[in-house]
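Heads up: the structure comes next, in structure tokens.
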Amino acid sequence: MTSSRGHQGAHGAGQIVEQLNNQAEAAEQIQGSNEVDQDIQAAANEHISELDEIFNNDNDSD
């Protein structure tokens, strides 16, 4: 169970990102990958890492 509304939102956002990544992987397996797709995936992963750092630091202060 989550402790705050913000944490619930972050958890939900994480699930959405995971689902979109799964869909992207499935599409790549079917269609193949191109450079634009790879750039988008790299940028998405970069932002996820930044958000993880923010949320991990926020949770550490509890």
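The values are calculated or read from the model by the stated rules, or taken from the named source; none is laboratory data. Predicted, not measured: the structure shown is a model, and the values here were computed from it. Areas reflect the complete protein model, heavy atoms only, side chains present, ligands, DNA and RNA absent. Shrake-Rupley method; radii C 1.70, N 1.55, O 1.52, S 1.80 Å.
Between 44, 24, the distinction of being open to solvent by less than 100 Å² (accessible area, probe 1.4 Å), of a type in the set (Gly, Ala, Ser), outside any loop (DSSP other than H, G, I, E, B) and at pLDDT 80 or above belongs to 24 only. Based on what the data block shows, is residue 53 modelled with pLDDT under 80, under 21 Å from residue 12 (Cα atoms) and assigned to a helix (DSSP H, G or I)? So residue 53 passes the test.
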